[in-house]
């Protein structure tokens, strides 16, 4: 049985009964109606089930063939001609079966009921359903191929017609050996080897069956020229399923033959490559044509003509295409950018995205050509090196496209960043003006306050004036009184001394009160002076104020977000500024540390006096480290004078309550022996 063009016992096509044939059968049925045996014999002769058995056998085998080789997802675009021939065969069967079913219906009208016709029609209808199902399956798994460069079978056939490699026939599976086309192919290849080796091949294991591709192709060409595409699909199916494979035992091909094969392959395959380039880059070509009209991309007319360029070698015209495209894009986007406000960031983002879309589109199309070429190499083996130059050109083009994309990205971002800088500068200048205005206002308002006399001083001055007047009056009264007694022998000295002693004491008290006032005023102004100093010392630092002073001002915290963008000079300048800040803080810290040291020295002296220690340095009797009388908590034995860090003897004292040195018992707790921390009291 053949895959297609079966005769089915010389019944290739079955027609429905004509009117006169139906009348003849009707007449015969009426004659034989009284004789059931003869009637059954006649009905069976008209509705022979042998043809249904042949159809059943074919449908079952073709179904298996379809499921095994033709309907996987990867084969959807393969074997178009083979699938079409099988569909044509199945449609013929469906038509024949439909005619048989119609014949049965027409004859059944003349019979009340007849088992053979009933069975015949059931069988026929089942076969029609199976046939239609197979047609539907094939239709769903058939994809039309529009371009020759997408037709892998055609490419493989054309390449092998030039290469004419040697192939080896492997075992044919039973699912394929059923078909006459495969059987005849095996017989032909076997006879071919027998003719070459002069050996009668009785078993496939006796000898390796090899053949050149041209011998295989010529065999199918001689079979049926009109159905050649069907046989080409069949050849590819056999190769793809490893029924035959390239044979490594090929005789040596000399340099001249190899050179001719390479030359012919290049000539044969160039139109396919040009076709896919033209289809993939069609939109790009049209853009270049329009851009050339607008900007005159390459001076003299015709230099950027795509049709002229495509006549050159791939490595020459493809880079020119990309270069012209970028040249046109650059001119287009430059004109757009010139019309955009630098501060309009959203518009710049649109421009960048539009540019990237075009670049990514070009890259995708070049990559698509490269992907096709990698698949195409399988058809060129062992001569796939002939596409190396083109593959290298495509790889270079993709690298160049991304380089230009990054280059333009940097350019556009620099313009965008400049717009941001202008916005930020304008914003900061406005805020500087606000702060300067506040400082000027502060100076004006503060100067008015400073020019005015302090209310307390004015009140005291008035008080002093009032009390001076009153005191002067009293003094004058005393003077007059004492003056009247100066000629008498009266001990006036003691009276005057009493006056002086009294008012010297009062003067000291009055001075003490004024000192308190001055100290209070100084402290208040000192706090104000410190706040003013801090305000203007930190006015250059841009930061978010927090109670815990977490984090650094933006001026100094550059490493996290900005340092990588600064130049070397800017970074060095910032390092100097931060070092100056450190020095300023260090100087302030030094003053506070000096003050702390002085206070600690005074505390130490007081503690030593209280503890009765006369030497300058005292070591803990336990750990032998110097005791810091200003910081350390300590305990001194009142009997032997040994001094300890409190923590060094704490554990001992909780158990023994004795001096570790003299073993005398300490006094009761809270007797003043233990150094305490005021915070714990």
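The values are calculated or read from the model by the stated rules, or taken from the named source; none is laboratory data. Note that the structure is predicted; figures quoted are calculated from it, not measured. Cβ placement follows ideal geometry from the backbone for every residue including glycine, while neighbour counts extend to all protein chains displayed.
Quick check on segment 235-258. Is at least one of its residues over 30 Å from residue 217 (Cα atoms) and modelled with pLDDT of 90 or more? Break it down stepwise before answering.
To start, the set of residues in segment 235-258 that are over 30 Å from residue 217 (Cα atoms) comprises none.
Looking for residues that are over 30 Å from residue 217 (Cα atoms) and modelled with pLDDT of 90 or more, one finds none in segment 235-258, hence no.
Of all the criteria given as (1) over 30 Å from residue 279 (Cβ atoms); (2) surrounded by 13 or more Cβ atoms within 10 Å (Cβ to Cβ), the one not satisfied by residue 158 is (1). What are the pairs, 6+ residues apart or on separate chains, where a residue within segment 463-483 that is within 16 Å of residue 503 (Cα to Cα) has its Cβ under 8 Å from a residue that is surrounded by 10 or more Cβ atoms within 10 Å (Cβ to Cβ)? From segment 463-483, the pairs are 478/499. Among the residues of segment 70-79, those that are touching a helix residue (DSSP H, G or I) at 6+ places or on another chain (Cβ under 8 Å) and either surrounded by fewer than 19 Cβ atoms within 10 Å (Cβ to Cβ) or without any contact (Cβ under 8 Å) to a residue 60 or more places away in the chain (or both) comprise 71, 75, 77. With respect to being touching a residue at least 12 places away in the same chain (Cβ under 8 Å), surrounded by 11 or more Cβ atoms within 10 Å (Cβ to Cβ) and assigned to a helix (DSSP H, G or I), residue 607 fits the description. Scanning segment 347-379 for residues that are in contact with a helix residue (DSSP H, G or I) (Cβ under 6 Å, 6 or more places away or on another chain), crowded, with 19+ Cβ neighbours inside 10 Å and over 30 Å from residue 335 (Cα atoms) turns up 369, 379.
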